[in-house]
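Here is the structure we will look at.
The values are calculated or read from the model by the stated rules, or taken from the named source; none is laboratory data. Since the model is a prediction, treat every value here as computed from it, not as a measurement. Cβ placement follows ideal geometry from the backbone for every residue including glycine, while neighbour counts extend to all protein chains displayed. When the accessible area is computed, the model is the full protein with side chains, heavy atoms only, and any ligands, DNA or RNA have been set aside. Shrake-Rupley method; radii C 1.70, N 1.55, O 1.52, S 1.80 Å.
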Amino acid sequence: MRTPGTFQTAGQIRLSDAVHLAGGLGPDAQTGDAQVFRYLPDGKLRIFSVSLSSAMRGEASENIMLEPRDRLLIHRNPDAVEPATVNVEGEVGKPGRYPLTTNMTVGELLKVGGGLKASADAQTADLTRYQYDGNTLTGHHEAISISAALAGDPRSNPTLHHGDVLTVRQLPDWNDLGALVTIKGEVNHPGSYGIRPAERLSSVLERAGGFQSGAYPYGAILQRAQVRELETKQRDETILRVKDQQNLIEAMPEADLRQKQVKEAALQQYRTTLTQLSANPPVGRVDIKISSNVAEWKNTTNDVQVRAGDMLIIPKAPSYVMVTGQVFNPTAVSYRPGKSAKWYLSQSGGPTQMATRRRSL
């Protein structure tokens, strides 16, 4: 009813009169059964069910006389409470769930969903339909010709049912459209370059003008966003595990001085580990092996495919030799062509007494 409430009457009225007093039936009213609640003389409550549509037509058997304190309950149409819907997903302007209107078709749903995006595969869409077989929900898939559906061809433009899902697929390799890789360092033309699908590292390097004379390709670094994301996830999981172990150690008793010292040493080790993990964010490095002679590794397993967002860094050739470990003066020694390892050791003060003289790296 449009204005439900409590009403005073100038005598007895029928059910249809009460509906008119309340402003008539609302647009969402269910015109099937309605209920009348009535107090009997003994104080008990009784319920009557009547056909509302018949009562509104004036049929005496349903359009009963109401008594004081009667309560009339008119239900809302179930379709208004939980309206039927259909879904359009994928490469349309406004994907989502939409109300199912009478005789809505695939073509109309595509228009309601904002039409096809530039990334849409305009050939075929996927329609999933559902039905109950007894108490079991089943479904099946249909391939829909989009052009035929939009043209109104009844063979490819079926009427939709509650729960149907229409998916407009994306064009193959669409995400690679506008893909860029960045090259930094010792190449003739560093910068960002567009890449075609399945393009390889050698191709991008050639387009960047090749290596400069001072380049050190053996130290090249290839960074990839997807690898960095995986490394970050693994690092975060490791941090959580270390913190859990740290909490367990902190909860351990300290019965004596020795236990307290052992506990503190363990906690310090966990703190150091957490500091190191936090101080070294993942870079997403991909292992590559390339040389200055691109022809040697071009189109081999070392010629990896590049992906959108990759960054290639070509460092300068080192001009020094690092001498570290068990020497008196660990340092970087300027590179001298033709000098032996023994000469570089002598420049760092020579090996200490603790050095393993039989082997060095």
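Worth pointing out:
- Spans of strands (runs of 3 or more DSSP E) in the stretch 155-205 with at least 3 residues among the hydroxyl-bearing types (Ser, Thr, Tyr): none
- In the stretch 31-44 there is at least one residue that is of a type in the set (D, E, K, R) and touching a residue at least 40 places away in the same chain (Cβ under 8 Å).
- Residues located in the stretch 83-117, provided they are open to solvent by 30 Å² or more (accessible area, probe 1.4 Å), without any contact (Cβ under 8 Å) to a residue 60 or more places away in the chain and over 21 Å from the mean Cα position of the chain (by Cα): PRO83, TYR98, PRO99, THR101, THR102, ASN103, GLU108, LYS111, VAL112, GLY114, LEU116
- Taken residue by residue, the stretch 249-271 has at least one member that is surrounded by 15 or more Cβ atoms within 10 Å (Cβ to Cβ), among the aromatic types (Phe, Trp, Tyr) and over 30 Å from GLU186 (Cβ atoms).
- Selected residue (criterion: farthest from SER213 (Cα to Cα)) from residues of the stretch 337-351 that are of a type outside the set (Phe, Trp, Tyr) and surrounded by 11 or more Cβ atoms within 10 Å (Cβ to Cβ): PRO351
- Verdict on SER16 being modelled with pLDDT of 90 or more and buried (at least 16 other Cβ atoms within 10 Å of the Cβ): yes
- Only one of PRO158, PRO217, PRO197, PRO172 that is under 30 Å from GLY93 (Cβ atoms) and surrounded by 14 or more Cβ atoms within 10 Å (Cβ to Cβ): PRO158
- Of all residues in the stretch 275-307, exactly one satisfies the criterion of being hydrophobic (A, V, I, L, M, F, W, C), open to solvent by 40 Å² or more (accessible area, probe 1.4 Å) and closer than 19 Å to ALA198 by Cα, namely ALA295.
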